[in-house]
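Working notes, structure below.
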Amino acid sequence: MRQRRARQDSILAAIAAGEADVDRLAARFAVSPSTIRRDLQHLSARRAVARTYGGAILAPPLPEQSLGTREASNGAAKAAIAAAALARIRDGETLILDGGSTVAALGRLLRGRRLRVITGNLPLIPLLAGEPGIELIVLGGVVRPLSMGTTGPLAEQALRQMTADKAFTSADGVVAERGLCEATLEQTALKALMTAQAAEVFVLADATKLGRAGQPCWTPLRPGWHR
């Protein structure tokens, strides 16, 4: 199962690089054309690719969902991911929290802890601002109503002046050989900076995000990230 998932991620990266023919993909990955067709069928079901005659192309960008819509889906998985992430946090650490519903689920679990939290995740601000043990640093910038987070030069300028023990980031899709995809360059630029400023990086994404390349902008995955 894991080998098939890794191959499908590699196939997705190959399609993104322009290699879309079934026979060429079969030769590249040393499997049969029928295996490639099954892989493409799985990728199509995940809306990562669109099938064509003899191969596939990357699927067109999906409409970006609002934060409210995301919070209403896969709640149990997000809660489990947040709990697992919480176990990696020690009191006294400095954290960077990205936007997104799964990161917000983690943020809600931080009440009562002793931490420094850097974030542009707006729903978390009223939840953490009154916590006596939390020093809250809010990244300014342009507010994106769909995700209720800040992005842009102001957020990036502030973040460049800080470092953190851990960064917890979200993604619209995660592809092993490409990285994290989002709808805008502003989002991926801020994610890249978050990962550069933290000693450890954790990607909080449920199974529906794995192998999905539904958005056009990317933050590369670097060695040492946790998923």
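Derivation of every value follows stated rules applied to the coordinates shown; laboratory data play no part. This is a predicted model, so every value here is computed, not measured. Here Cβ is always computed from backbone atoms with ideal geometry, including for glycine, and neighbour counts include all displayed protein chains.
Take the range 71-127, drop everything but the C-alpha atoms, weight them equally and run the Debye formula without solvent; then report log10 I(q)/I(0) at 0.21, 0.28 Å⁻¹ to two decimals.
Log-scaled intensity ratios, in q order: -0.78, -1.30.
Considering only DSSP beta bridges where both residues belong to the chain, give the percentage that are antiparallel (nearest 5).
If I count the DSSP bridges inside the chain, around 45 percent turn out antiparallel.
For the charge dipole of the chain, defined by +1 on Lys and Arg C-beta atoms and -1 on Asp and Glu C-beta atoms about the Cα centroid, which residue among 85, 139, 150 has the Cα displaced farthest towards the positive pole?
Highest projection toward the positive end goes to 85.
Obtain the nm distance between the two label points defined at residue 57 and residue 108 by a simple spin-label model: each point lies 7 Å from its Cα along the Cα-to-C-beta direction.
4.1 nm
Sketch the reach of a paramagnetic label on residue 129 as a point 7 Å from Cα along Cα-to-Cβ, and name the residues of the range 88-123 whose backbone nitrogen lies under 19 Å away.
Taking a point 7 Å out along Cα→Cβ of residue 129, the residues of the range 88-123 whose backbone N falls under 19 Å are 97-100, 104-105, 107-113, 115-123.
Quote the FRET efficiency, to the nearest 0.05, computed for residue 3 versus residue 37 with a Förster distance R0 of 22 Å and r equal to the Cβ-Cβ distance.
Efficiency computed from Cβ-Cβ geometry: 0.80.
Size of the dipole of the range 68-226 about the Cα centre, Lys and Arg at +1 and Asp and Glu at -1 on the beta carbon, nothing else charged, in debye to 20?
200 debye
Determine, for each peptide in 189-199, 99-109, the mean count of other beta carbons within 10 angstrom over its residues, then list the peptides with the highest first.
99-109, 189-199
What's the magnitude of the charge dipole for the range 94-141 around its Cα centre, counting Lys and Arg as +1 and Asp and Glu as -1 at the beta-carbon? Answer in Debye, nearest 20.
About 160 debye.
If all Cα-Cα distances of the chain are sorted into 5 Å bins from 0 onward, what percent lands in each bin, rounded to whole numbers?
The distribution over the chain is 1, 7, 15, 18, 18, 15, 10, 7, 5, 3, 1, 0, 0, given as percents.
Under a point-charge model restricted to the Cβ atoms of Lys and Arg (+1) and Asp and Glu (-1), what is the dipole moment magnitude of the range 73-117 relative to its Cα centre, in debye to the nearest 20?
For this selection, approximately 160 debye.
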